[in-house]
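The values are calculated or read from the model by the stated rules, or taken from the named source; none is laboratory data. Here the structure is a predicted model, which is why all the values come from computation and not from measurement. Here Cβ is always computed from backbone atoms with ideal geometry, including for glycine, and neighbour counts include all displayed protein chains. SASA here: full protein model, heavy atoms, side chains in, ligands and nucleic acids out. Shrake-Rupley method; radii C 1.70, N 1.55, O 1.52, S 1.80 Å.
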Amino acid sequence: MTTVNQRLEDLREVMRREHLAAFIFPSTDPHQGEYIPDHWKGREFISGFNGSAGTAVVTLHSAALWTDSRYFIAAEEQLKGTGYQLMKLKMPGTPTIAQWLGREIGDNRQLYNDCTEVGIDGMVSATNEVRQLMAELRKENGLTLRTNFDPLRLIWTNRPAIPQNPVEIYPLQYAGESTRDKIARIRQTLRQQHADGMLMASLDDIAWTLNLRGTDVHCNPVFVSYLLITQKTVTLYINKVKLPAEVAAYLKAENIQVGDYEQVQNGLREYFEYNILLDPNEVNYTLYETVRNKGKMNNCVKTEIVEEESPVKRMKTVKNATEIRGFKQAMLRDGIAMVKFLCWLKPAVAQGGQTEITADERLTALRAEQPLFRGISFDTIAGYGEHGAIVHYEATPETDIPLRPEGFLLLDSGAQYLDGTTDITRTIALGPVTDEQRRIFTLVLKAHLQLQNAIFPEGASGTQIDAIARMPLWKNGLNYLHGTGHGVGTYLNVHEGPHQIRMEWKPAPLVAGMTVTDEPGVYLPNRFGVRLENTLLIVDAFETELGRFLKFEPLTLCPIDKTPIDRSMLTPEEVQWLNDYHQMVLDRLSPTLEGEELDWLRDACSPL
């Protein structure tokens, strides 16, 4: 019996005792992070699927896992022999979780002994997600949701502990704004929203606000904590062993109190202001209900809840002058590492012995040589050949394949530097390519350039300009199911919102000072994939009597492979932009390179 099968048996035994017909395991933690500490990887524990996005649902007699197009192939492989059915999100015929449970449980009441209660851990589930799920379940044969039970506490032996890594101060020379000034801005915004205070649960928001960083989350320099801000006090809820003497002294100097991480619920019960802002997409259901139920408890004063998006999110996404300078310096160093890697790559592949993993290791080692390097910003995607068609492929010793001097290597990677975070994708022709590969590569390049060169009114959302990038692909019957772009943090999370460029409605406006990626792609299963990505800065374009208009400035400094381009498919304007971009890359990077690496750069940046 596989480990997953045994875990399912253990879980179902607990569910029978608790009179639960099903239990839902999301890919989230108490802070709604995209990447989460091992302690909260319950979905991975119960299913064996290790992708970053997905939801496992287990009933007393069946199991299913929902995930998106990035992980269809990987999930299918990892779920073999576990009894899980793969549910492909956004594909025709795929039921919602509530619909599936309605059929599995509601249509088989005798099999479930008329039990209609479904469980989910409210401590790791956002308030809005729980509410929506409750409403959907009610429509499906009157199913109900229980939120106050975590079966993993009983069945997960040797569960990893919540991280206790030390926190460090993020210097003002990189942050560009003091903690005191940030808190003053937050309080002013809260007053405008008629809120006396707020609970901050998002780890990158807390790190940004306090000018602190940590190592609790893989690739994301954040630390596990909550932050409670009122008009008079600020309290950081954190495991105090994480605070070195200099950080404790810093917090004291900034008038920030410290409470134990596990005491955040008590802190909310003792919150005596009239109202509090809780972002229902950020604050988990258990903490939200703690505040909502205060008035029902003895000796507790009822606190009104202001449901709004956390104001910190939009503050954080607009970079100040210091952060913008830091981004440009980080991109310069990252570009040096990329050029050194690309100069090495094709000759090394021709000699033999290179694989997806060794290419990843080589690039990481070259980045590590750069000043201010603090690690990678996400797990590298190095997909050769048909692996390039797996959108979020990550090579393992079991899947690693040799690189050959032909076809495409899709390389999506990034780094954390003290002054900025990088994210870049290049698709590299390792040798001869087919006419089809050349055509697809050029269409993806056209899509990338369409967005790069867009001009749009201030306040437009990412959804409103997403079609600009997709149009060259749509005209040829091509599309991709992931987003076209996302924000990037300042030595913070590589995926930063709320602004995004994607087909799904995301109303957050785009404003000058934001960073965002431009990364269209095409993926042909079992054949190859192409993606091209630069990180961009939103800047002013011009102003007319009809308003202010914005455009994109490329921050990424790295040549785009010219060898697979079909020049006849590009317009003169597209050719000119590519040549101008390569000239800028050459001008910025050449003073730092010499010898064969400089010669390689000059050739890579020569006019098309």
What figure in square angstrom, to the nearest 10, would you give for the accessible area of His218 with a 1.4 Å probe? 100
Surface accessible to a 1.4 Å probe, per residue, for the residues of the stretch 63-187, Å²: 51
If one computes the Cα centroid of the stretch 13-71 and of the stretch 320-379, what distance in Å separates the two points? 34
At a probe size of 1.4 Å, how large is the accessible area of Leu145, to the nearest 10 Å²? 30
From the residues Ile465, Thr434, Thr490, which one has its Cα farthest along the dipole of the stretch 428-553 in the positive direction, the dipole being from +1 and -1 charges on Cβ of Lys/Arg and Asp/Glu about the Cα centre? Thr434
Carbon plus sulfur, as percent of the 1.4 Å-probe accessible area of the chain, comes to 49
Cα centroid separation - the stretch 530-570 against the stretch 450-511, whole Å: 12
Hey, could you get me the Stokes-Einstein D for the chain, Kirkwood radius over alpha-carbon pairs, 25 °C and 0.890 mPa s, rounded to whole µm² s⁻¹? 95
Considering only Gln32, Thr59, Ser69, whose Cα is most displaced toward the positive end of the charge dipole of the chain, charges sitting on Cβ of Lys, Arg (+1) and Asp, Glu (-1)? Thr59
Tell me, what is the Rg over Rh of the stretch 347-415, with Rh the Kirkwood radius over Cα pairs? 0.98
Probe 1.4 Å - accessible area at Tyr274, Å² to nearest ten: 150
Sorted by packing (mean other beta-carbon atoms within 10 Å per residue), highest first, where do 256-269, 380-393 land? 380-393, 256-269
How much of the DSSP bridge set in the chain is antiparallel, in percent, rounded to the nearest 5? 75
Compute the long axis of helix 462-474 from its Cα atoms, compare it with the longest principal axis of the Cα atoms of the chain, and write down the angle in degrees, 0 to 90, nearest 10. 50
Would you mind working out the accessible area per residue for the stretch 511-608, using a 1.4 Å probe, and quoting it in Å²? 44
How big is Rg to Rh over the stretch 508-600, alpha-carbon atoms, Rh as the Kirkwood inverse-mean-distance radius? 1.04
Place a +1 charge on the Cβ of each Lys and Arg in the chain and a -1 charge on the Cβ of each Asp and Glu, then give the dipole magnitude about the Cα centre in debye, rounded to the nearest 20. 920
Around Leu251, under 15 Å between beta carbons, what's the net of Lys plus Arg minus Asp minus Glu among the other residues? +2
Just to confirm, what accessible area per residue do you get for the stretch 224-332 at 1.4 Å probe, in whole Å²? 45
Cα gyration tensor, the stretch 162-269 - rounded (a/c under 1.5), prolate or oblate: oblate
So the angle from the long Cα axis of helix 356-368 to the longest Cα principal axis of the chain, reported in degrees to the nearest 10, equals 90
Against the longest principal axis of the chain, how steep is helix 179-192, in degrees 0 to 90 to the nearest 10, with axes from Cα atoms? 60
Mind putting a number on the dipole of the stretch 254-314 about its Cα centre? Charges go on the C-beta only, +1 for Lys and Arg and -1 for Asp and Glu, and I need it in Debye to the nearest 20. 260
Quick calc: nm separation of the 7 Å Cα→Cβ label points for Asp10 and Met91 -> 3.1
Taking a ≥ b ≥ c as the square roots of the eigenvalues of the Cα gyration tensor of the stretch 111-213, is the shape rounded (a/c under 1.5), prolate (a/b larger than b/c) or oblate? oblate
Residue-wise HN-Hα coupling along the stretch 571-579, computed from phi with Karplus coefficients 6.51, -1.76, 1.60 (Hz; x: Gly, Pro): 7, x, 5, 5, 4, 5, 4, 4, 5
DSSP loop GluC sites (Glu not before Pro) in the stretch 521-588 with at most 15 other Cβ atoms within 10 Å of their Cβ, which ones? Glu545
Compute the Cα gyration tensor for the stretch 188-346, then decide on rounded, prolate or oblate, letting a ≥ b ≥ c be the square roots of its eigenvalues: rounded whenever a/c is under 1.5, prolate when a/b is larger than b/c in the other cases, and oblate in all that remain. prolate
By accessible area with a 1.4 Å probe, ligands and nucleic acids excluded, highest first: order of Lys302, Lys242, Lys90: Lys90, Lys302, Lys242
Give, rounded to the nearest 20 debye, the magnitude of the charge dipole that the stretch 188-337 has about its Cα centre when Lys and Arg contribute +1 at Cβ and Asp and Glu contribute -1 at Cβ. 320
Among 185-192, 404-411, 118-125, what's the highest-first ranking by average C-beta atoms within 10 angstrom per residue? 118-125, 404-411, 185-192
